[in-house]
Amino acid sequence: QPSLRLLALTTDDEAFTPTSNVRVIVGNDADAVAWIVGETPTAKPTVGDTRFGPEPRQIMLSAGDGPKTVYVWVKNTAGVVNSAVVQPTITVDTRPPELRVEVQALAETVSQGQTGVPVSVRVTNNGGVAAEITGATLVFDAPASHVVTRTDHVLRVERGGAKGTLLFRVGVDAFAAPGAHLLDARLTARAVLTQADVSRSSADIRDAWDVQ
């Protein structure tokens with residue numbers, strides 16, 4: 001009885017693939033001389049089926065996102081085709097990165113000249129393809145000479161709701177205007193697979209702190 005594994009070309013993931021082209025690994029087929037690997041036929045083929053051929057390394061799945069079931073049939077040296085159905089499934093998800101950005105000031109109140117104030121930027125990727133963050137900037141709503149240091153960073157945020165956090169430390173301007181100030185973020189990002197630009201000019205959820 002043969003076995004079959006389906007793997008995404010870019011990640012080796014066996015559950016999801018961002019492309020319709022996937023890698024296949026057939027196992028337990030040492031005595032096989034011909035193979036059929038594909039979404040058809042779903043029932044056992046005849047020995048003389050013309051679709052039998054060399055063992056494939058990759059196959060192209062049918063168009064469209066969603067789960068795809070693939071069958072493997074092998075013919076051995078005695079001309080016998082496996083009877084039991086082997087049918088692993090992999091889900092095609094070609095949606096581009098969909099980034100949700102949230103700024104959080106970890107201190108509600110800051111003082112003029114205060115140093116090392118932490119601000120986090122959480123990035124959630126609800127798309128089907130991983131995203132790479134190549135740049136991140138905090139944006140303040142009023143002119144000020146804050147000293148901003150990015151102390152931690154996530155270069156890659158995976159697909160399907162994965163999260164990553166960017167951490168900044170802010171030295172508050174000694175002459176910053178007292179009162180409430182809005183904090184925003186700007187990200188430069190791209191899809192890992194296609195290099196498409198998925199940058200964000202503003203956060204979905206911004207925060208504020210009160211300068212005293």
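The values are calculated or read from the model by the stated rules, or taken from the named source; none is laboratory data. The structure presented is a predicted model; accordingly, all values stated were derived computationally and were not measured. For neighbour counting, all protein chains shown are included, and Cβ atoms are generated from backbone atoms with ideal geometry for every residue, glycine included. Side chains are part of the model used for accessible areas, which takes the heavy atoms of the whole protein and leaves out ligands, DNA and RNA. Shrake-Rupley method; radii C 1.70, N 1.55, O 1.52, S 1.80 Å.
Figures for the structure shown
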item	result
Odd one out for Thr94 among (1) at pLDDT 95 or above; (2) within 27 Å of Ala191 (Cβ to Cβ); (3) open to solvent by 20 Å² or more (accessible area, probe 1.4 Å)	(1)
Hey, Thr89 closer than 30 Å to Gly164 by Cα and not basic (Lys, Arg) or not	yes
Qualifying position, being touching a residue at least 60 places away in the same chain (Cβ under 8 Å) and within 30 Å of Thr94 (Cα to Cα), among Ala208, Ala196	Ala196
Ile133 vs. criteria in contact with a Lys or Arg (Cβ under 8 Å, 6 or more places away or on another chain), under 30 Å from Asp31 (Cα atoms), part of a strand (DSSP E or B) and open to solvent by less than 40 Å² (accessible area, probe 1.4 Å)	no
Restricting the range 106-125 to residues that are open to solvent by 60 Å² or more (accessible area, probe 1.4 Å) and touching a Pro at 6+ places or on another chain (Cβ under 9 Å), the residue that is farthest from Gly164 (Cα to Cα)	Gln112
Qualifying residues in the range 151-193 (those that are buried (at least 16 other Cβ atoms within 10 Å of the Cβ) and of a type in the set (Asp, Glu)) - the one nearest to Val103 (Cα to Cα)	Asp184
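Matching residues to (1) without any contact (Cβ under 8 Å) to a residue 60 or more places away in the chain; (2) under 30 Å from the mean Cα position of the chain (by Cα):
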position	(1), (2)
Gln1	no, no
Ala15	no, yes
Asp29	yes, no
Ala32	yes, no
Ile36	yes, no
Thr40	yes, yes
Ala43	yes, no
